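So the structure is just underneath, and the comments pick up after that.
What follows draws every value from the coordinates through simple rules; no lab data is involved. Computed from a predicted model, the values in this text were never measured in an experiment. Please note: Cβ atoms are built from the backbone with ideal geometry, for glycine as well, and neighbour counts cover all protein chains shown.
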Amino acid sequence: MSRRDFRRWLPRRHHYEIRNPARELFLFRKRLWLTGLAMLLVFGVLLGRFFYLQVTSYQQYRTQAENNRIAVVPVGPSRGTISDRNGAVLAQSFSAYTLELTPSRIDDLDTTLAQLGELIEITPRDLRRFHRAMEESRNFDSLPLRTKLNDEEVARFAVYKYRFPGVDIRARLYRQYPEGEIASHILGYIGRINDRDVDRLTDSGDILNYKGTDHIGKTGIELSYEDALHGVVGFDEVEVDALGRAVRSLARVPPIPGDHLQLTIDLRLQQLAEQSLGNSNGAVVAIDPNNGEILAMASMPGFDPNLFVEGIDSANWDRLNTSPDKPLLNRPLRGTYPPGSTIKPFLALAALTSGKRTVDYAFNDPGYFELPSGAGTTYRFRDDKAGGHGRVDMNKSIVESCDTYYYVLASETDIDDTARFLSQFDLGQKTGIDLEGEATGVLPSRAWKRERFSGSRYKDEHRRWYLGDSISAGIGQGYNSFTPLQLAHAVATLANNGVSYRPHLVKRIIDGTTGKAKELPPEEVRRLDLKPPHLATIKKAMVEVNREGTAARIFKGAPYTSAGKTGTAQVFSLRGERYVESQIKSHLRDHAWYIAYAPADKPAIAVAVLVENGGFGARAAAPVARALFDDYLTGARHVPPPSDDSEDWEE
């Protein structure tokens, strides 16, 4: 074996170091010290955090823990009732069981809806209303699916409730209108709170008071007196488990119920007013001239406010919203019409006051008035009576409703003077009734016409006031446009010798908790400076209208003395041609008007009646007033028969 091979055979040499125990002990102690320091630091951080949570932030986290344990559930107040002046209930609230869903707690909404439909009857209308509520609501805490469940349906769902997380049975308050369509435009209706309502409540600072409420007043008294009717929301403090289920009640702040409203209207008289209009579209307003209380305010056709309580379905909404009869239009409040001859007593009073006419002034009526129209031609304004009324003074002009008398008067009177006088009766302006949405109407003047035709598309001749404008306005036509409420208010002021009270519908507000009543006193608006002899002249003529004038046929045999004025108002211009009702389509026929008050010597009720396209006021409108007077003054109740279509009637 060579030396080289021997060396390969020898094992490799290993180098062994001598151990140093002191050094190893030093390194061990160093590691141990560092480890202990790290542990001490970690425990220090934990101890600091523990101190922060348990001492420094104790109150904060205790409050959060309590909030997680305690749920504050808002409790909506009971909405106040509405009754007539004699206590008959017109609107009330009642409690019923509702099947409700919380969409945020339901994984598969469609499946849940289908399974619920197998357990409880759910109609397509219920589903449409539910989906619409989802679209309109910002808060998906709980939305009703089926309302007014009976006891059997409640018990059936209770057995299978475990299968439906996010679905509950709750007791809710619902609005009910026992009289249906009666006084529907006065009462209005409530509806589900939508985004627009939320924005309005937020701006007014009232949003927190609606946390437990789904509905709000939308129109009528329900809207105008929302603050009084709604009440104050309460709340329950409820202990809940980890799944959010109520365990026990801890505290309760009860809601404060809404106030009750007692209206000025008489339900019996209201029913009669609506029945008397029959199938005609129109309006009736009855006022106590001594205090401005509205005794009846009918608008026909009406609607059933119960349809809106749970959300109106599309079929009924389309029917109401697209009907040519406009059942949702509050005609006394928002309908504006030319007043026709009902304006004549006020124009006559204006002429007496200004000195333009005396009681004895008279002239021979040829049956027309001619106005020069240029180039040697004239425009003829016809009277309603062919051949004229003979010799006419102021009394006869009202009793027989002579147009020619007022054509001549208008030609000699400045329209601005007329407007200033009539404005004292609130014609062509809001009366201030305690309902929102009142229309202004039009009381024409030069300033009004300049404003009305001020746009760039109009020329100077459109803005100029012409004598022909005055002639038309002189018989209640032309630009004149008043509401039935305004005319009722005006004749009430006249009946009360120029003392004007603001029309109102709420007589008293009754505290929902204590039952203490707060009377709403009459509000005197103004006292007109009218001379008693002038008033006596006008009133005497209006009494004779019902004794021997245009309304004598209707008031024959009445056990009381009344005063009134008939009127017809053109729907379109005849351009000088004579009006023959049978030759005109029904929707183009004249509107029928009648204003009146009774008893004549001590007025207790004043009315304005409008029958759209009714033709002659004496034929279509005066019988309604007679029925109201008979009922209110004597207790005799009758509904006037359909009007006679014969044309031997005067305006």
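A few remarks follow.
- Counting only aspartates and glutamates at least 8 places from LYS356 when in the same chain, those with an alpha carbon closer than 16 Å to its own are ASP393, GLU412, ASP414, ASP416, ASP417.
- Mean-position separation - Cα centroids, the stretch 157-197 and the stretch 411-490, in angstrom: 44 Å
- Trypsin sites (Lys or Arg not before Pro) restricted to DSSP loop in the stretch 121-226 with at most 10 other C-beta within 10 Å: ARG138
- Cα-based equivalent ellipsoid of the stretch 415-504: semi-axis lengths in Å, sorted from largest, via gyration tensor: 27, 15, 9
- Under 14 Å from LYS516, Cα to Cα: aspartates and glutamates that are on another chain or at least 8 residues apart: ASP259
- Two-decimal log10 I(q)/I(0) for the stretch 131-237, as the Debye equation yields it once each C-alpha is a single scatterer, q = 0.22 Å⁻¹: -1.32
- Computed magnitude of the charge dipole of the chain (debye, nearest 20; Cβ of K, R +1, Cβ of D, E -1): 4380 debye
- Lys/Arg +1, Asp/Glu -1 at C-beta; the chain dipole; positive extreme among PHE28, ALA348, PHE555: PHE28
- Pairs beyond 23 Å (Cα-Cα), from LYS211/LYS326; LYS385/LYS449; LYS148/LYS507; LYS430/LYS507: LYS211/LYS326; LYS385/LYS449; LYS148/LYS507
- With a Förster radius of 41 Å applied to the C-beta separation of LEU34 and GLN54, the computed FRET efficiency comes to 0.85.
- The charge dipole of the stretch 292-383, taken about its Cα centre with unit charges on the Cβ atoms of Lys, Arg (+1), Asp and Glu (-1) only, comes to about 440 debye.
- Counting only Cβ charges, +1 for Lys and Arg and -1 for Asp and Glu, the dipole size of the stretch 70-193 around its Cα centre is about 320 debye.
- If the convex hull is drawn through the Cα atoms of the stretch 318-365, its volume per residue in Å³: 103 Å³
- Cross-link reach list, aspartates and glutamates versus LYS602, counting only Cα pairs under 18 Å and skipping chain neighbours closer than eight places: ASP288, GLU293, GLU544, ASP630, ASP631
- Projected-area mean, the chain, by convex hull of Cα positions, square nanometres: 59.3 nm²
- As a size descriptor, the averaged projected area of the C-alpha convex hull of the stretch 316-421 was calculated at 10.3 nm².
- Convex hull volume of the stretch 247-382 per residue (C-alpha atoms, cubic angstrom): 313 Å³
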